[in-house]
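Notes for the one structure printed next.
Any read-out appearing in this document is the output of simple, stated calculations on the displayed coordinates, not a laboratory observation. From a predicted model like this one, the values you see are computed outputs, not experimental measurements. Neighbour counts run over all protein chains shown; Cβ positions are idealised from the backbone, glycine included.
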Amino acid sequence: MKCKNCNNIVGETHSYCPYCGQKMGLGRLNFKQLLKDLWISFTNTDQGILHLIKHLAYRPGEVAREYISGRRKSYFNPFNYLLITVAIALYFIAQFEVIALDYSKIESDDKELLQFAFRYFNVFILLMWPIHGFLIWLFFKGRETNYVENLTFTAYLSGQTMLYYILALALFMMLPSLLTTLGTIIGLLISIWYMLAILQFYQTKSFWSILKIILIITLTNMISQGIIFMTFQWYRTWFV
Ligand SMILES: [Zn+2]
């Protein structure tokens, strides 16, 4: 048999090409194959998205650490994960924004800003991703990770945070009257998860590290609120 990817001759017994690793005996691309690949990319127990989501939920720092140290085949790609969650969020916001937030109950001054922040929260998470990576890198410099490795780490964190927000959105839709309470609880839970992620990633439990993470969270919030406020002013000047 000839490998369709690298043209090397491969024995009949191989399921994967020993030269390039491509699966042998691939058929033509068609819709059925496309759906099958999509299904596998979700459910695959080694590198599927569901597998990743589960592991990111309770050992986010370790997942990122393993990925960076070379276990690339064990986990779904962080950058694809971020892009996919951004896309899902986009769909969700378009569908459910109005139902999730009852704007009539909110003061009109805040309403527009909130609506704006809500509608584009995926854009802001995406914008914050490199800043986020930079802050963590800066505060934990000297621990043998470079900026790109921190970017990889924060891609996982941002993707998973996006997923949590989508779930929160679904929850708000069901219980709109509890928006403020649930918002506070969810925000707190995400912050704790985020702190554990960094502690795991840098394999530390020191008090000093926890202080640094609190500082990172505070700075991240200030910067993202600043960005939201500035882009909102800009948006209002030019588009409204
Ligand atoms: Zn090959």
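For the stretch 164-240, what class follows from the C-alpha gyration tensor (a ≥ b ≥ c being the square roots of its eigenvalues): rounded when a/c is under 1.5, otherwise prolate if a/b is larger than b/c, else oblate?
Oblate, since a/c reaches 1.5 and b/c is not below a/b.
Which helices of the chain meet both criteria: a Cα extent of 30 Å or more along the helical axis and a mean Kyte-Doolittle score no lower than 1.0, with helices taken as whole DSSP H segments? The partial results should precede the final answer.
Numbers: long enough: 78-100 (31 Å, 1.65); 147-174 (40 Å, 1.04); 179-201 (32 Å, 1.84); 207-239 (47 Å, 1.05).
Qualifying helices, which must be both long enough and hydrophobic enough, are 78-100, 147-174, 179-201, 207-239.
Toward the positive end of the charge dipole of the chain, about the Cα centre and with charges on Cβ (Lys, Arg +1; Asp, Glu -1), which of 1, 124, 235 goes farthest?
In the chain, that residue is 1.
Among 94, 150, 193, flag the residue with its Cα farthest along the positive direction of the charge dipole of the stretch 78-239, charges on Cβ as +1 for Lys/Arg and -1 for Asp/Glu.
After comparing all options, I get 150.
How big is the equivalent ellipsoid of the chain along its three axes, where each semi-axis is √(5λ) from the Cα gyration tensor, reported in whole Å from largest to smallest? Don't jump to the answer; show the numbers that get you there.
Numbers: eigenvalues 282, 122, 53 Å².
Semi-axes, largest first: 38, 25, 16 Å.
How large is the helix-only mean residue ellipticity at 222 nm for the chain, computed as the sum of -39500 (n - 2.57) over DSSP H runs with n ≥ 4, divided by its residue count, in deg cm²/dmol to the nearest 500?
Numbers: 9 runs with 170 residues, N = 240.
About -24000 deg cm²/dmol.
So which of 32/54; 73/205; 4/54; 4/36; 4/32 end up more than 23 Å apart by C-alpha?
Too far apart for the 23 Å limit: 32/54; 73/205; 4/54.
Going by the alpha-carbon gyration tensor, a ≥ b ≥ c the square roots of its eigenvalues, is the stretch 126-184 rounded (a/c under 1.5) or, if a/c is not under 1.5, prolate (a/b greater than b/c) versus oblate?
prolate
Using only alpha carbon pairs under 8 Å that are at least six residues apart, calculate the relative contact order of the chain and give it in whole percent.
That works out to 21 percent.
Order 150-163, 212-225, 171-184 from most to least packed using the mean count of other Cβ atoms within 10 Å.
150-163, 212-225, 171-184
Assuming R0 = 41 Å, can you tell me the calculated FRET efficiency for the pair residue 239 and residue 53, based on Cβ-Cβ distance, to the nearest 0.05?
0.70
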